[in-house]
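Notes follow the structure.
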Ligand code: TA6
């Protein structure tokens, strides 16, 4: 046996919490905690971290981990009567030893299946029975894929909102632009969720932003000029995309450093405007795929169209 590390390893993380590490042969890796079913790390084959994780993140219930990819379910934000972003992000998930098969069989070994089922206490605050399965895969090129499958095992229909609250690591928020959301309608969380239409070119950042873009394309590019890196985010089953950077408000967030907003950007595939309704026996699937590619320059300009169309 060589000294090679296994593609999937279950071990202890911060505060002794259980975590799963995925490794791909070329060197990329990902880590996720059973607490929250929460991806906290995604590294490329140079070992560079691609997700933002706050240095002040608290790995202790009931606080959700600040950074990585928290799962917002069964409610996004304050769009309902539950606590902000629902409760899946601060519950203990389990390893799903026997997940139902996916239609396409993959030979990829770096994946794990997690499951979250509501407890008696959870049923008191949201009285619906379901199974929430999450598969996290690290692709051969280092791409990170999350697939959620939520099945109604109740006798009545229920509705929920959802988001992959993805914190990307960026070199400097002032040097980042998002392509793919221009000219779309959005709800502005900073203006009582009023609806506006985005004007002009790509989205750039010079102050706090908290917007829910509606009816977004399946592919969005996040271009980090300084790092010469583009994140390509692909999504399925999730029509909306939330864009958040707290800017100076970071000072009022206890588990976020005052200046850390400069190095994070949340772009969150979501279903918010129209809740998803599942009848008894029905299953919903929502997918996020992230890749990080070197940005291509042409005449000194980034060419995001090539990324979006490629
Ligand atoms: O997704 C954006 C948002 O809903 C913002 O309004 C902001 O509050 C952020 O999520 C973080 O929420 P949290 O509950 O994790 O502090």
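What follows draws every value from the coordinates through simple rules; no lab data is involved. Just so it is clear, the structure is predicted and the values come from calculations on it, not from any experiment. Positions of Cβ are backbone-derived with ideal geometry, glycine not excepted, and every protein chain shown enters the neighbour counts.
Can you give the Rg to Rh ratio for segment 232-282, taking only C-alpha atoms and Rh from Kirkwood?
A ratio of 1.16.
Could you line up 145, 264, 32 from fewest to most neighbouring Cβ atoms inside 10 Å?
Fewest to most other Cβ atoms nearby, the residues stand as 145, 264, 32.
Provide the descending list of Cα extents for segment 4-127 along its principal axes, expressed in whole angstroms.
On the principal axes, segment 4-127 reaches 47, 38, 26 Å in Cα extent.
What Kirkwood Rh does the chain have if only Cα atoms enter the pairwise 1/r average? Answer in Å.
Mean inverse Cα-Cα distance, inverted, gives 19.9 Å.
Counting pairwise Cα distances across segment 1-72, what percent come out greater than 14 angstrom?
Value for segment 1-72: 61 percent of Cα pairs lie more than 14 Å apart.
Dimensions of segment 100-148 along principal axes (Cα, Å, largest first)?
Result for segment 100-148: principal-axis Cα extents of 43, 20, 11 Å.
Can you work out the FRET efficiency for the pair residue 14 and residue 78, with r the C-beta to C-beta distance and R0 = 25 Å, to the nearest 0.05?
0.35
For segment 84-127, which semi-axes, largest first and in whole Å, follow from the square roots of 5 times the eigenvalues of its Cα gyration tensor?
Here the semi-axes work out to 28, 11, 10 Å.
Compute and list, largest first, the equivalent-ellipsoid semi-axes of segment 167-287 from the alpha carbon gyration tensor, each √(5λ) rounded to a whole angstrom.
Here the semi-axes work out to 25, 17, 15 Å.
Over the Cα atoms of segment 217-302, compute the convex hull volume and normalise it per residue, giving Å³.
Output value, Cα hull per residue: 144 Å³.
Mind giving me the nanometre distance, one decimal, between the label points for residue 155 and residue 201, set 7 Å out from Cα along Cα→Cβ?
About 6.0 nm, to one decimal.
Using alpha-carbon positions, what is the distance between the centroids of segment 166-224 and segment 54-116, in Å?
Answer, in whole Å: 24.
Treat segment 148-197 as a sphere of radius equal to its Kirkwood radius over Cα pairs and apply Stokes-Einstein at 25 °C in a medium of 0.890 mPa s; give the translational diffusion coefficient in µm²/s, rounded to a whole number.
Calculated translational D: 161 µm²/s.
Quick one: the Cα spread of segment 7-47 along its three principal axes, in angstroms, biggest first?
Per principal axis, max minus min of the Cα coordinates gives 28, 15, 15 Å.
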